[in-house]
Amino acid sequence: MKRMTLTLGQKSALLSLALFVVFLLVWQLATQPETQGLAADVDPEYAALMGGGTASSASSFPTPVQMAQTVWERLSDPFYDNGPNDKGIGIQLAYSIARVLAGFFLAAAVAIPLGFVIGNSRVFYQALDPYVQLLKPISPLAWMPLALYTIKDASASSIFVIFICSLWPMLINTAHGVANVKKEWLDVSRTLEVNPFRKAFRVILPAAAPTILAGMRISMGIAWLVIVAAEMLVGGTGIGYFVWNEWNNLSITNVLFAIFMIGVVGMVLDSLFGLLGRRVAYQE
Amino acid sequence: MSTSHPFLQVENLARVYPSPTGGDPVTVFDHVNFRIHKGEFVCVTGHSGCGKSTILNILAGLDAATIGNVFMDGREVAGPSLDRGVIFQSHALMPWLTVLENVSFAVKSRWPSRTKTQIRDHAMRYIELVGLKGAEHKKPSQLSGGMKQRVGIARAFSIEPKMLLMDEPFGALDALTRGVIQDELLKICAETQQTVFMITHDVDEAILLSDKIMLMSNGPHARIAEIVNNTLPRPRERSAIHKHAHYYPIRTHLVDFLVSRSKLFGGQRDAPDAPSSPSVFDPEDMVEAAPAEATVVPLPQAGKPHIHLVNA
Ligand SMILES: Nc1ncnc2c1ncn2[C@@H]1O[C@H](COP(=O)(O)OP(=O)(O)OP(=O)(O)O)[C@@H](O)[C@H]1O
Ligand SMILES: [Mg+2]
């Protein structure tokens, strides 16, 4: 009399799948042409739509199958380049990712050493705190006109905006992590006469690494949110520009596709940092 | 008192903290004087808050005295040094390093020019010494409390310091584990002739391990009120020491101090700032104990009270 029992993972996978089916069903019901009533009867309808779908309803919301078809088409040729307004999704994403990484690592190169100094010194901490508090709540896009005026280059300006928005979480987390390194570990290194350089890299950095990485993860999340808006503003290339361009083309299907891809890339970036975070995590 | 040049000399030490409420500053302890000779194992005990850890931190160089000086080996202690190994109450292991890496970190600090294998071998020797062979690749979080404390001991011994400072190293352990590690410590110290300054709240631990037990009165204005010479012969066996004639007199003396006499000093005295010398208790001074062994020779002071004052 053995009853089949499901593990937690199997249960949640099943539930996820069920939610997806429900989502598709609702989507289908909401978008299918009025003539049809039941999901089971729509197959011939699709066949008709597949032929002339784009012509008959360029601005209308796609059905799941139309959507799947677009996703498939676009993903099977991601790197074509037919001029400024028609590039593959892979190229557009690559532009955005490159800008995000450039701005992000520039910010890391500034924020982590500076955070180290601030976290180690109460004087620096208190001296810089008012500036951080003032600058932190400014929307990164508010810097855009200033950046365009001074840098005079659209792409560099969006990198600058990414830099600014990635800076604060990394700076604050690094300072916090460094300031909160346990006194006993510092006492150990003092009694062992560890030199400052070795102390910074072998004691303080590993001790603060989980907090620093948490800050980097937040920064990366914000950077990926901001790049879409920044590229919508400055135009030219990138996934943000793609979304805006497709909206101007009234291609809701492509906009949806872009939204989906933004989500996927954001998820991948986040889980990369999650993985890194797990590698430096320690249990006390 | 031995006439040889003391290895560690503490002179007129005092530590004053500013009052947290903005009133008069608080003198935790003052007029603290004592000496430790090479190879001596000294325990300090006293009530919570009397300033034991503060004294240890000053000896380690991690804290500075308000008044007074500490000399080790003829040189003034001005900061932390590899000459003094510290075993922290909270073991203070780095949780991101394995057992071997924790000990190696100390070894590398002591001998920066050694090769990787030399450092590893040296660290492994001390890991084996504390009975942790086989666990060297574990992280501290995978170890029991007793094992962590042993890593702390291995780390402190591995740098071969001239002196060991221990702040209640076994306070957090259960009685059984504590016994095992005490035995190991006894063995290692006998082998290495280590000079040790150890804080403990455990009277039996002090009797088992020490040559001298310093008793601190309650703060503020705490002092080293009494020094007890632990005359139990070595090597000592946990299961046998209580059979020795000096065991119960020493134990009773220590417990009596903690229960009643510790209150009679410090702030409660008439003149809290008056310098004072600790009284020395030596069980050999007693005849009431009527020692069974032939080794105990009745001293001239026979018949005097248990405690007599001397200039320390
Ligand atoms: N940073 C500080 N500022 C003010 N007072 C302090 C500070 N550190 C310690 N004290 C005071 O100094 C006294 C001695 O502290 P210490 O930690 O040396 O005591 P202890 O004898 O080790 O006690 P325990 O047995 O509980 O460990 C305490 O009364 C404490 O309140
Ligand atoms: Mg203490």
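The values are calculated or read from the model by the stated rules, or taken from the named source; none is laboratory data. For clarity, every value in this text was computed on a predicted model and none was experimentally measured. Because the Cβ atoms are built from the backbone with ideal geometry, glycine has one as well, and the counts that use them run over all protein chains shown. Side chains included, ligands, DNA and RNA excluded: accessible areas come from the protein's heavy atoms. Shrake-Rupley method; radii C 1.70, N 1.55, O 1.52, S 1.80 Å.
The spread of Cα positions in the protein assembly as shown, taken along each principal axis and listed from longest to shortest, comes to 120, 74, 50 Å.
Accessible area of B:M147 (1.4 Å probe, protein heavy atoms only, ligands and nucleic acids ignored): about 50 Å².
Measuring r between the beta carbons of B:A172 and B:K138 and using R0 = 22 Å, the FRET efficiency lands at 0.70. Determine, from the Cβ-Cβ distance of A:M4 and B:S277 and an R0 of 60 Å, the FRET efficiency 1/(1 + (r/R0)^6), rounded to the nearest 0.05. The calculated FRET efficiency here is 0.15.
Since only A:V203, A:I252, A:F242 are under comparison, the one whose Cα sits farthest along the positive direction of the charge dipole of the range A:89-280, derived from C-beta charges on Lys, Arg, Asp and Glu, is A:V203. The relative contact order of chain B comes to 20 percent, based on Cα pairs under 8 Å that sit 6 or more residues apart.
Ranked by the mean number of other Cβ atoms within 10 Å of their residues, highest first, the peptides A:10-18, A:218-226 come out as A:218-226, A:10-18.
With q set to 0.12, 0.17 Å⁻¹, the log10 of I(q)/I(0) for the range B:89-247, from the Debye formula over equal scatterers at the Cα positions, is -0.58, -1.04.
Summarising the strand pairing of the protein assembly as shown, around 50 percent of its internal DSSP beta bridges are antiparallel.
Rounded to the nearest 10 degrees, the inclination of helix A:154-179 to the longest alpha-carbon principal axis of chain A is 50 degrees. Across peptide B:106-119, the mean count of Cβ atoms from other chains lying within 10 Å of each residue's own Cβ comes to 2. Counting only DSSP beta bridges with both residues in chain B, the antiparallel share comes to about 50 percent. Give me the Debye-computed log₁₀ of I(q)/I(0) at q = 0.12 Å⁻¹ for the range A:217-284, equal point scatterers on Cα only, no solvent, two decimals. Reported log10 I(q)/I(0), two decimals: -0.40. Using a 1.4 Å probe over protein heavy atoms, the accessible area lost on pairing A with B, summed over both chains, comes to approximately 1900 Å². What a 1.4 Å probe finds exposed on the range A:189-284 is 68% carbon and sulfur by accessible area, rounded to a whole percent. Working ranking of peptides A:274-284, B:227-237 by packing, defined as the average number of other Cβ atoms within 10 Å per residue, highest first, is B:227-237, A:274-284.
Take every Cα pair under 8 Å whose residues are at least 6 apart in sequence, average their separation, divide by the length of chain A, and the relative contact order is 21 percent. DSSP assigns beta bridges within the range B:61-218; of those with both partners inside it, close to 20 percent run antiparallel. Using the Cβ-Cβ distance between B:D121 and B:E11 with R0 set to 45 Å, the FRET efficiency works out to roughly 0.65. A simple packing score, the average count of other Cβ atoms within 10 Å per residue, orders the peptides A:135-143, A:100-108 as A:100-108, A:135-143, with the highest score first. Distance from the alpha carbon centroid of the range B:164-233 to that of the range A:217-284 works out to 61 angstrom. Note that the range A:89-280 presents 48 Å² accessible area per residue, ligands and nucleic acids not counted, probe 1.4 Å.
For the residues of B:57-63, the average number of beta carbons from a partner chain within 10 Å of their own beta carbon is 2.
Among the residues of B:79-86, the average count of other protein chain beta-carbon atoms within 10 Å of the residue beta-carbon is 4. If one takes the longest principal axis of the Cα atoms in chain A, at what angle in degrees, from 0 to 90 and to the nearest 10, does the Cα axis of helix A:43-56 lie? Orientation of helix A:43-56: about 70 degrees from the principal axis. In the range B:1-106, the convex hull through the Cα atoms has an average projected area of 9.2 nm², a quarter of its surface area.
Ellipsoid fit via the Cα gyration tensor, the range A:89-280: semi-axes of 37, 19, 11 Å, each the root of five times an eigenvalue, largest first. Which angle from 0 to 90°, rounded to the nearest 10, does the C-alpha axis of helix A:64-76 make with the longest principal axis of chain A? With rounding to tens, the tilt is 60 degrees.
When the Cα convex hull of the range B:45-109 is projected onto planes of every orientation, the mean area is 6.0 nm². Of the complete DSSP H runs in chain B, those spanning 15 angstrom or more by Cα along the long axis with a mean Kyte-Doolittle score not below -1.0 are B:99-110, B:116-129, B:145-158, B:175-192, B:247-259.
Accessible area per residue (1.4 Å probe, heavy atoms of protein chains only) ranks A:L8, B:L164 as A:L8, B:L164, with the largest value leading.
Taken over the Cα atoms of chain B, the convex hull encloses 154 Å³ per residue. Dipole check for the range B:1-113: with +1 at the C-beta of Lys and Arg, -1 at the C-beta of Asp and Glu, and the Cα centre as origin, the magnitude is about 260 Debye.
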